[in-house]
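Student: Sending over a structure as structure tokens; questions will come in a sec.
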Amino acid sequence: MRKEVRVAGFGGQGVILAGVILAQASGAIEGREVAQTQSYGPEARGGAARCDVVISDKRILYPKVRQADLLLAMSQPALAKYAVDLDAAKGKVVIDSTLVNELPDGLPPVYRVPATKIAEEEFKNRIVANMVMLGALARVDDVVAYDSLKRAVAENVAPKFRDLNLAALDRGYQAVEGPGLRPAAGANDAPGAPASGGR
Amino acid sequence: MSEDGRKVRIIQGNEASVEGAIAAGCRFFAGYPITPASEIAELMSRRLPPVGGTFLQMEDEIASINAVIGASWGGAKACTASSGPGISLMQEGVGYAAETETPCVVINVMRGGPATGQPTISSQQDIYQARYGGHGDYEIIALVPSSAQEAYDLTIKAFNLAEEFRVPVYLLSDEIVGHTRERVVMGGPIEVRERVAPPKEGYRPYAAGPDGLLPGMPAFNDGYRLLVEGQHHDERGIRAGDDVNKSAALVQRLNDKVRKNIDRITDVERVDLDDAEVAVVCFGSTARPALEAVQSAREKGVKAGALRLRVIWPFPEKVVAELAGRARTLIVPEMNIGKLVLEVRRSAGGRAEVISLPRLGGALHTPEEVEGAIMDAVKGGNAR
């Protein structure tokens, strides 16, 4: 199994931290082979930022993403730029629906979570939108177990922000919507419709 | 952590280099931050003080390399880290370290050049700078890691080689190796070459043994009579630049101590070479798509193999010559304008076709691109 995950958005959104947490969850906690790489401009904030995580059961030679299985898009330009690199057959897209409104044609299944809105309104801190996105990922795909993500957040985030980040992660897990999602464990959602695809 | 003290972490190559340096006994770092090497300085500033080491952020890279040379003579295993522009500034100091036979490690996390070039993007453009960056005739040793694990392993080895051969040793990492987070197994039993103080009685700091190497490494303030001199010098360290014979002998030895010990320094990985008709000669991050291409070609029944260099200077010419005598085609992928291919071609001496597969701009070759070159070589061979 080789899965390629891409997190993309603006610099300052925590795109790279999201990828690092995913890599720690898969690699350090689940014991898989991982290669996490990143692309960013010289700017500290505002430029395009991208973080790629390759997860495999075998030794990873080529460390870069060729055709992403999963794209977490946190900005409109990021979706526009990386939609073409998605695996149309197996791929899935998770969008921050606060910031991404236009969906290009021909996308694989799209899952929506208003990550920035949740971060701003519920947590008064837009910096945790990345954790909302990661929580959504754990619900949308089995590339990583939700419990592993929680442990990785707890181990890699400064202690005073741990509870905030874990709460944001949980909100993403609960709030994401899209085709074929089963109800979140412990959520009060009505029983989900029969899966029609996506998983 | 396991029973033998090994621990597994998911870390960047740059972090792995720091851990390797500390494990090898590095207790001094002087540097100036620069992308994509800054994590090394950042982590050194946190890791060195608790183990009794010293971290200095210097005013620039010229001061950094000179502080490293001073620290080494002060008794500490020492290193610095930078990238293109900073490494350029260090060249006078690297030459001085070579002339004065100062053990030290210079980590170059290569980025795209020339000039400010591409701060956040990888390259392998500085391989000749490592060998020829300073003026005059001297030899250095350069190691090229392909992964975070090798950034750890080869940084340890770099310190050991610096001590053994009394030369500046480069770790030629690059942005991809330096910034990729992946599994690294650290700790456990590792081989570390400790400094041995030479006998003080009648000590001559530049009297070499029959292998051209200086026995032991003294330190200032330990009771030695030490003169560290950038002009050519005699066995006592006293200036002899006006003595043509002593000067010739010194420069010859500075080069020979590396050249004549090449078999001890050479470090390659051979992958599927026994029956290979097409062999990829690769190093650093470019080796990763190259090895994947070889795997894929093998699965299709193509007799492909790879020679991966972990040490590029001194260049393993005998190993490449021997390979050229057996394989029909050698392919050299590299993230520069086509540089190491010149050494491969020279070493092959016309016994094998040598194909250059250069790439500029900093995007890593894809496995498909290297495999395509392998397949073209196979077809070309059948047509002949």
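The values are calculated or read from the model by the stated rules, or taken from the named source; none is laboratory data. The shown structure was predicted, so the numbers you read here are calculated from the model rather than taken from an experiment. Cβ sites come from the backbone with ideal geometry, for glycine too, and all protein chains shown count toward neighbours. Heavy atoms of the whole protein, side chains included, go into the accessibility calculation; ligands, DNA and RNA do not. Shrake-Rupley method; radii C 1.70, N 1.55, O 1.52, S 1.80 Å.
Student: Accessible area drop of at least 20 Å² (1.4 Å probe, protein heavy atoms): which residues of the stretch B:275-289 qualify, relative to the chain alone?
Tutor: Flagged in the stretch B:275-289: B:Arg288.
Student: Whole number in Å², please: accessible area per residue of chain A, 1.4 Å probe, ligands, DNA and RNA not counted. List each step's numbers first, then the result.
Tutor: On the way: 8700 Å² over 199 residues.
It amounts to 44 Å² per residue over chain A.
Student: Need the per-residue list for the stretch B:333-380: every residue with at least 30 Å² less accessible surface in the complex of protein chains than in the chain by itself, probe 1.4 Å, sorted by number.
Tutor: Buried-area filter returns B:Leu364.
Student: As I understand it, the dipole of the stretch A:2-175 uses +1 on the Cβ of Lys and Arg and -1 on the Cβ of Asp and Glu, about the Cα centre. Which of A:Ala23, A:Leu134, A:Val5 lies farthest toward its positive end?
Tutor: Farthest towards the positive pole: A:Ala23.
Student: In addition: Going by Cα centres, the stretch B:221-299 and the stretch B:304-334 are how many Å apart?
Tutor: Centre-to-centre (Cα) distance: 16 Å.
Student: Filter the cross-link list A:Lys64/B:Lys339; A:Lys58/B:Lys300; A:Lys3/A:Lys81; A:Lys58/A:Lys117; A:Lys3/A:Lys150; A:Lys92/B:Lys379 down to pairs whose alpha-carbon distance in this structure exceeds 28 Å.
Tutor: Values: A:Lys64/B:Lys339 24 Å; A:Lys58/B:Lys300 19 Å; A:Lys3/A:Lys81 20 Å; A:Lys58/A:Lys117 38 Å; A:Lys3/A:Lys150 20 Å; A:Lys92/B:Lys379 39 Å.
Violating the 28 Å Cα-Cα cut-off are A:Lys58/A:Lys117; A:Lys92/B:Lys379.
Student: Moving on to the next point. With both partners inside the protein assembly as shown, how many of the DSSP beta bridges are antiparallel, as a percent to the nearest 5?
Tutor: Details: 36 of 85 bridges.
Among the beta bridges of the protein assembly as shown, antiparallel pairing accounts for roughly 40 percent.
Student: Which percent of Cα-Cα pairs in the stretch B:212-295 sits in each 5 Å bin, short to long?
Tutor: Binned Cα distances yield the sequence 3, 11, 14, 13, 10, 10, 8, 7, 9, 8, 6, 1.
Student: Whole-Hz ³J(HN,Hα) for each residue in the stretch A:143-150, computed from phi via Karplus 6.51 cos²θ - 1.76 cosθ + 1.60 with θ = phi - 60°, x for glycine and proline: what do you get?
Tutor: Once rounded to whole Hz, the list reads 4, 8, 6, 4, 4, 5, 4, 4.
Student: Now a separate question. Return the equivalent ellipsoid semi-axes of the protein assembly as shown as a descending list in whole Å, where each equals the square root of 5 times an eigenvalue of the C-alpha gyration tensor.
Tutor: Ellipsoid semi-axes (Å, largest first): 47, 29, 19.
Student: Quick one: compute the contact order of chain B, relative version, from alpha carbon pairs under 8 angstrom and 6+ residues apart, as a percent. Don't jump to the answer; show the numbers that get you there.
Tutor: Details: 860 pairs, mean separation 61.1, N = 384.
It comes to 16 percent, rounded to a whole number.
Student: Partner chain Cβ atoms within 10 Å, averaged over the residues of B:176-187 - can you pull that number for me?
Tutor: Working: counts 4, 1, 0, 6, 11, 14, 11, 10, 0, 0, 0, 0.
Mean partner shielding for this stretch: 5.
Student: Pull out a ≥ b ≥ c, the square roots of the eigenvalues of the alpha-carbon gyration tensor of the stretch A:2-175, then state rounded if a/c is under 1.5, prolate if not and a/b is larger than b/c, and oblate in the remaining case.
Tutor: Numbers: a/c = 1.38, a/b = 1.05, b/c = 1.31.
Taking the square roots of the gyration eigenvalues as a ≥ b ≥ c, the stretch A:2-175 is rounded.
Student: Right, next: Pairing the Cα long axis of helix B:148-165 with the longest principal axis of chain B, what angle in degrees results, from 0 to 90 and rounded to the nearest 10?
Tutor: 40 degrees
Student: May I pose another question? Count the DSSP beta bridges whose two residues both fall in the stretch B:244-361, then state the antiparallel fraction as a percent rounded to the nearest 5.
Tutor: Working: 4 of 19 bridges.
Percentage antiparallel, nearest 5: 20.
Student: Further question on the same structure: By the gyration tensor of its Cα atoms, with a ≥ b ≥ c the square roots of the eigenvalues, what is the shape of the stretch B:269-383: rounded for a/c under 1.5, prolate for a/b over b/c, or oblate? Mind showing how you got there, number by number?
Tutor: Working: a/c = 1.40, a/b = 1.04, b/c = 1.35.
Cα axes put the stretch B:269-383 in the rounded bin.
Student: While we're on this one: Leaving out ligands and nucleic acids, and using a 1.4 Å probe, what accessible area per residue does the stretch B:85-236 come to in Å²? Don't jump to the answer; show the numbers that get you there.
Tutor: Values: 5550 Å² over 152 residues.
On a per-residue basis, 37 Å².
Student: Here's a follow-up. How large a share of the accessible area of the stretch B:1-126, in percent, is made up of carbon and sulfur atoms when the probe is 1.4 Å and the other protein chains stay in place?
Tutor: Values: 2200 of 4240 Å².
That share works out to 52 percent.
Student: Based on the Cβ-Cβ distance from B:Ala219 to B:Asp376, what FRET efficiency comes out when R0 is 51 Å, to the nearest 0.05?
Tutor: On the way: r = 56 Å, r/R0 = 1.10.
The computed FRET efficiency comes out at 0.35.
Student: In nm, give the distance between the simple-model label positions of B:Arg195 and B:Arg270, each being 7 Å from the Cα along the Cα-to-Cβ direction.
Tutor: Each label point is offset 7 Å from its Cα along the Cβ direction, giving 3.9 nm.
Student: Now a separate question. Quick one: 3J(HN,Hα) in Hz for the stretch B:66-77, Karplus 6.51/-1.76/1.60 with θ = phi - 60°, rounded, Gly and Pro as x.
Tutor: Those phi angles translate into 5, 5, 5, 4, x, 5, 5, 6, x, x, 9, 5 Hz.
Student: Residue by residue through the stretch A:86-100, what is 3J(HN,Hα) from phi via Karplus (6.51 cos²θ - 1.76 cosθ + 1.60, θ = phi - 60°)? Round to whole Hz and write x for glycine and proline.
Tutor: 7, 6, 5, 7, 10, x, 9, 10, 10, 10, 7, 6, 6, 10, 10
Student: As a test of the definition: with a 1.4 Å probe, what buried accessible area, both sides summed, do you compute for A against B, in Å² to the nearest 100? Provide the component values of the computation, followed by the final result.
Tutor: Working: alone 9630 and 15800 Å², together 23590 Å².
Using a 1.4 Å probe, the pair buries roughly 1800 Å².
Student: A further question follows. Roughly how crowded by other chains is peptide B:123-136, in terms of the mean Cβ count from those chains within 10 Å of each of its Cβ atoms?
Tutor: 0
Student: For the stretch A:2-175, build the charge dipole from Cβ charges (+1 Lys, Arg; -1 Asp, Glu) around the Cα centre, then report which of A:Pro159, A:Tyr146, A:Gly91 sits farthest towards its positive end.
Tutor: Farthest towards the positive end: A:Pro159.
Student: Additional query: Hull surface divided by four, with the convex hull built on the Cα atoms of the stretch B:1-265: how many nm²? Mind showing how you got there, number by number?
Tutor: Working: hull surface 56.4 nm².
Taking the Cα atoms of the stretch B:1-265, their convex hull projects to 14.1 nm² on average.
Student: Can you give the accessible area per residue of the stretch B:269-383, in Å², using a 1.4 Å probe?
Tutor: Values: 4230 Å² over 115 residues.
Using a 1.4 Å probe on heavy atoms only, each residue of the stretch B:269-383 averages 37 Å².
Student: I've got another one for you. Could you size up the charge dipole of chain B around its Cα centre, putting +1 on the beta carbon of Lys and Arg and -1 on that of Asp and Glu, and report it in debye to the nearest 20?
Tutor: Numbers: 43 positive and 51 negative charges, 80 e Å.
Dipole size: approximately 380 debye.
Student: Same structure, new question: B:Ile141's amide H: which non-local residues (gap 5+, or another chain) put their own amide H closer than 5 Å, with H modeled 1.01 Å from N in plane and none for Pro or chain starts?
Tutor: B:Tyr170
Student: Obtain the nm distance between the two label points defined at A:Asp85 and B:Arg298 by a simple spin-label model: each point lies 7 Å from its Cα along the Cα-to-C-beta direction.
Tutor: Going from the A:Asp85 label point to the B:Arg298 one covers 2.8 nm.
Student: To continue, here is another question. For the pair B:Gln252/B:Ala115, report the inter-label distance in nm, with labels modelled 7 Å from Cα in the Cβ direction.
Tutor: About 4.5 nm, to one decimal.
Student: A further question follows. Nearest-5 percent of antiparallel DSSP beta bridges in the stretch A:1-117? Intermediate values should be presented prior to the final figure.
Tutor: On the way: 17 of 30 bridges.
Bridges in the stretch A:1-117 that DSSP calls antiparallel: roughly 55 percent.
Student: Estimate the FRET efficiency between B:Lys260 and B:Ala363 by the formula 1/(1 + (r/R0)^6), using the beta-carbon distance for r and 35 Å for R0, to the nearest 0.05. Write out the running numbers ahead of the final one.
Tutor: On the way: r = 39 Å, r/R0 = 1.13.
In this case the efficiency is close to 0.35.
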